[in-house]
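First up is the structure itself, then whatever we jot down about it.
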Amino acid sequence: MSALDGRRILVTGAAQGLGAEIASQCVAAGARVLLGDVQDDVAAEVAASLGAAASWVRLDVTREPDWRAALAEADARFGGVDGLVNNAGVLHMGPIVEIGADDVTRLLAVNLAGPTFGIKHVAPRIRDSGGGSIVNIASIDGVLGMNSVALYSATKWGVRGLSRSAALELGQWGVRVNTVCPSMGNPEMSAPFFDAIDVDRYLRHVPSPVLAGAGVTAATVAPAVVFLLSDAAATITGTDVVVDAGWTAGHFLPGLPGF
Ligand SMILES: NC(=O)c1ccc[n+]([C@@H]2O[C@H](COP(=O)([O-])OP(=O)(O)OC[C@H]3O[C@@H](n4cnc5c(N)ncnc54)[C@H](O)[C@@H]3O)[C@@H](O)[C@H]2O)c1
């Protein structure tokens, strides 16, 4: 038996990047998956590539009517929903003194209102299915601060607070809520981020991960999400799984005795 046999999972922002990989690994683990995104054609292509277990729906996570429509689609395709991955997210880069009102509105809408509406609409349906799991995607920028991403970081810290409060409220329904916090540093997962920066200068200062040679990619983050969706994590709720090869573990100072 596979980890997610029989599960019906809605993944947001699933047309590309981490969301597409999560959808793919959920299907591989036995789930049926509804991919939600605002990129219709791309989401349709990705869903088709995953076979009969996958389907797609237009879902702008900032719009409550879209959430209702996505649940209607999940009912029509799969007869309900047992799991939700709030993956859709947008990045803003730049000095805090240059953040515009539109940037604030956009990041709060997608990164915070999105998962809030997702939990609001999907959790009661997971309860009706007999319980299940919600995984919210934050970032190591939701664990630490970083220059140039203050607004993004604030929303990702917010995602962790949302998750923990939701876990406390929804435990009585058998709904678990956890957060996965990936790092970045691997161009494969962060193309828009790397497009915006001086890669050579940036990589010279990225701290060495504790796990030598371990690059964090969508392929290495998605298994943590599959685990949290599965019954293997039945007693895990209200916590964070950081997938960063040790980036946030602390300081490694060369020259100390033995090192
Ligand atoms: N890329 C990284 O290195 C990295 C690191 C840490 C955390 N994350 C987080 O992982 C998640 C996925 O990141 P990614 O790198 O795959 O991003 P990406 O930009 O490659 O993909 C994001 C997807 O979300 C969709 N999307 C955007 N706005 C939406 C909306 N309003 N409604 C529905 N879908 C919407 C986009 O169309 C796209 O398909 C995000 O929450 C991001 O903050 C990414």
Report task. Taking Leu4 as meeting all but one of (1) in a strand (DSSP E or B); (2) buried (at least 24 other Cβ atoms within 10 Å of the Cβ), write down the number of the exception. Result -> (1)
**Report entry** Residue match in the range 246-255 (condition: in contact (Cβ under 8 Å) with a residue 24 or more places away in the chain, on the phi > 0 side of the Ramachandran plot and surrounded by 13 or more Cβ atoms within 10 Å (Cβ to Cβ))
**Finding:** yes
Report task. Exactly one condition in (1) among the acidic types (Asp, Glu); (2) outside any loop (DSSP other than H, G, I, E, B); (3) touching a helix residue (DSSP H, G or I) at 6+ places or on another chain (Cβ under 9 Å) is not met by Asp60; state its number. Result -> (2)
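Which helices (runs of 4 or more DSSP H) does the range 84-187 wholly contain that include 3 or more residues that are hydroxyl-bearing (Ser, Thr, Tyr)? Outline the logic, then answer.
Working: elements: 101-107, 114-128, 150-170.
Where helices (runs of 4 or more DSSP H) fall fully within the range 84-187 and carry at least 3 residues being hydroxyl-bearing (Ser, Thr, Tyr), they are 150-170.
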Report summary line: Note: among Ala47, Ala74, Ala43, Ala29, just one is more than 16 Å from the ligand (Cβ to nearest atom), crowded, with 19+ Cβ neighbours inside 10 Å and not polar (S, T, N, Q), namely Ala29
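Here's the yes/no breakdown for (1) more than 9 Å from the ligand (Cβ to nearest atom); (2) not hydroxyl-bearing (Ser, Thr, Tyr):
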| site | (1), (2) |
| --- | --- |
| Leu4 | yes, yes |
| Gly17 | no, yes |
| Leu35 | yes, yes |
| Thr62 | no, no |
Report task. Search the range 135-162 for residues being small (Gly, Ala, Ser) and surrounded by 24 or more Cβ atoms within 10 Å (Cβ to Cβ), and hand back the single one that is farthest from the chain's Cα centre (by Cα). Result -> Gly142
Query raised in the report: So which residues in the range 17-26 are modelled with pLDDT of 95 or more, surrounded by fewer than 24 Cβ atoms within 10 Å (Cβ to Cβ) and under 11 Å from Val46 (Cβ atoms)?
Result: Glu21, Ser24
Requested in this report: Identify the residue in the range 19-44 that is among the aliphatic types (A, V, I, L, M) and in a helix (DSSP H, G or I) and, among all such residues, is farthest from Ser230 (Cα to Cα).
Outcome: Val42
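How about the range 171-202: which of its residues are at positive phi and modelled with pLDDT of 95 or more?
Restricting attention to the range 171-202, the residues satisfying the condition of being at positive phi are 174, 185.
Listed by number, the list holds a single entry, Gly174.
Being more than 22 Å from Pro65 (Cα to Cα), among the aliphatic types (A, V, I, L, M) and without any contact (Cβ under 8 Å) to a residue 60 or more places away in the chain is true for just one of Val149, Val143. Which residue is that? Walk me through how you get there before you give the answer.
Details: Val143 fails: without any contact (Cβ under 8 Å) to a residue 60 or more places away in the chain.
After applying the criteria, what remains is Val149.
The values are calculated or read from the model by the stated rules, or taken from the named source; none is laboratory data. Remember, it's a predicted structure, so these values are computed and weren't measured experimentally. Glycine also receives a Cβ, built like all others from the backbone with ideal geometry; neighbour counts cover every protein chain displayed.
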